[in-house]
Amino acid sequence: QVQLVESGGGLVQAGGSLRLSCAASGRTFSSYAMAWFRQAPGKEREFVATISWNGGTTYYADSVKGRFTISRDNAKNTVYLQMNSLKPEDTAVYYCAGASYVRNPRATTQYDYWGQGTQVTVSS
């Protein structure tokens, strides 16, 4: 069993930066693929980024490519999302998710564990 707790959200002006963290409990974290999703009001939850178990492979949604960076520290059981050049359309609740095996990283159904989410609000 893995429990995920996100932190680092907040209010930031357009063009600013935030760093989200997702702390995981459980000894199997280092073997899990991890991802970030987001959900804006009235919209479906959408894929943001994913990282393989050893950090060797990352994949991003086109909307955040070049602005966001996903990383992980398995010694600290933590995955991060560095968000730069934020835009008002990045406003959403951000969730981290984990899975022992992912075939389609964009699909929410691929992930076994989810955090409770952290709010990111970008003002114009």
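Just a few scattered comments:
- Within segment 1-82, the proportion of Cα pairs with more than 19 Å between them is 39 percent.
- Eligible lysines near K43 by straight Cα distance, threshold 24 Å, same-chain separation 8 or greater: K65, K87
- Projected onto their three principal axes, the Cα atoms of segment 64-124 cover extents of 38, 27, 23 Å, largest first.
- If you run the Gaussian network model on the chain, springs between alpha carbon atoms under 10 Å, then out of V48, V79, V93 the most flexible one is V93.
- Each Cα pair under 8 Å and six or more residues apart adds its sequence gap; the mean of these over the residue count of the chain is a relative contact order of 35 percent.
Each value in this text was obtained by applying a stated rule to the coordinates, not by laboratory testing. Note that the coordinates shown come from a computational prediction; the quantities given were computed from them, not determined experimentally.
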